Amino acid sequence: MELARRNRSPRRADLVILWDVSGSMREHTTDLFGLVYALHRVVRRTRVFAFGHDLVEVTSLLAGRSYERALPMLADRLRPTGGGTRIAHCLTEFRRRHESEVRRTSTLLVVSDGWDLGEPIELADQLRRLSGRVHRLVWVNPYAAQAGFQPATAALQAAMPYVDLLASPEDFPIPHGPARRTRAPRSG
């Protein structure tokens, strides 16, 4: 009798997306929703949190829904609120409520332009704590692909020592937005 052995397949990493939906990100909302939606569809264990002034989990609005159905539900849930972006406050809230769910296999993706009303030292402290718990910390900035881009905001400067990768939405090789389906012409 010969026993067949199988190598364990590598454990899939978790993905946690913290998506800035504040006013300064408004012009990028459609493209970034496409990215967030596509990543949620591609990576099985993904949790999505939107933030601006406060943090709200929106994973359930994406799960099992088409792009066309999820977009208006998300827009309704994330009606714009004033007050500006408070990244450090939202990271603190994320850590307080969800840090125990983040694993060493997790990738934390922060999608933000880095404009923040909070203190950069608080942001650095929260990112330092989170970067020690995750496999990778990736910051996606909608302006990162522009020629001459530099992480010049105080928040980005504070974040860079803890960021493994600063990326642009264009750096992700997945289709953004709804899938385009074309029908083959009918033969007559």
- Task: Evaluate segment 131-143: report whether one residue or more is part of a helix (DSSP H, G or I) and modelled with pLDDT of 95 or more.
- Result: yes
- Task: Please specify each residue of segment 144-161 satisfying the condition of being among the polar types (S, T, N, Q) and either part of a helix (DSSP H, G or I) or touching a Pro at 6+ places or on another chain (Cβ under 7 Å) (or both).
- Result: Gln157
- Yes/no for Arg47 being touching a Lys or Arg at 6+ places or on another chain (Cβ under 8 Å), modelled with pLDDT of 90 or more and either within 24 Å of Met160 (Cα to Cα) or of a type in the set (Gly, Ala, Ser) (or both): no
- Identify, from the list Tyr37, Tyr67, the residue that is at pLDDT 85 or above and surrounded by fewer than 18 Cβ atoms within 10 Å (Cβ to Cβ). Tyr67
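I'd like the full set of residues that are among the aliphatic types (A, V, I, L, M) and surrounded by 14 or more Cβ atoms within 10 Å (Cβ to Cβ), limited to segment 139-159.
Correct list: Val140, Ala144, Ala154, Ala155, Leu156, Ala158, Ala159.
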- Message: For segment 103-124, check the following and say yes or no: at least one residue is touching a Leu at 6+ places or on another chain (Cβ under 8 Å), assigned to a loop (DSSP other than H, G, I, E, B), over 16 Å from Ile17 (Cα atoms) and at pLDDT below 95.
- Response: yes
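Does Leu18 count as at pLDDT 90 or above, part of a helix (DSSP H, G or I) and surrounded by 21 or more Cβ atoms within 10 Å (Cβ to Cβ)? Steps first, please.
Working: at pLDDT 90 or above: yes; part of a helix (DSSP H, G or I): no; surrounded by 21 or more Cβ atoms within 10 Å (Cβ to Cβ): yes.
It is false that Leu18 is at pLDDT 90 or above, part of a helix (DSSP H, G or I) and surrounded by 21 or more Cβ atoms within 10 Å (Cβ to Cβ).
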- Task: For segment 21-48, name all the residues that are over 18 Å from Asp76 (Cα atoms) and either touching a residue at least 60 places away in the same chain (Cβ under 8 Å) or part of a loop (DSSP other than H, G, I, E, B) (or both).
- Result: Ser24, Leu35, Ala38, Leu39, Val42, Val43, Arg44, Arg45
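The values are calculated or read from the model by the stated rules, or taken from the named source; none is laboratory data. It should be emphasised that the depicted structure is a prediction, and the values quoted were computed from it without experimental measurement. All Cβ positions, even for glycine, are placed from backbone atoms using ideal geometry, and neighbour counts span all protein chains on display.
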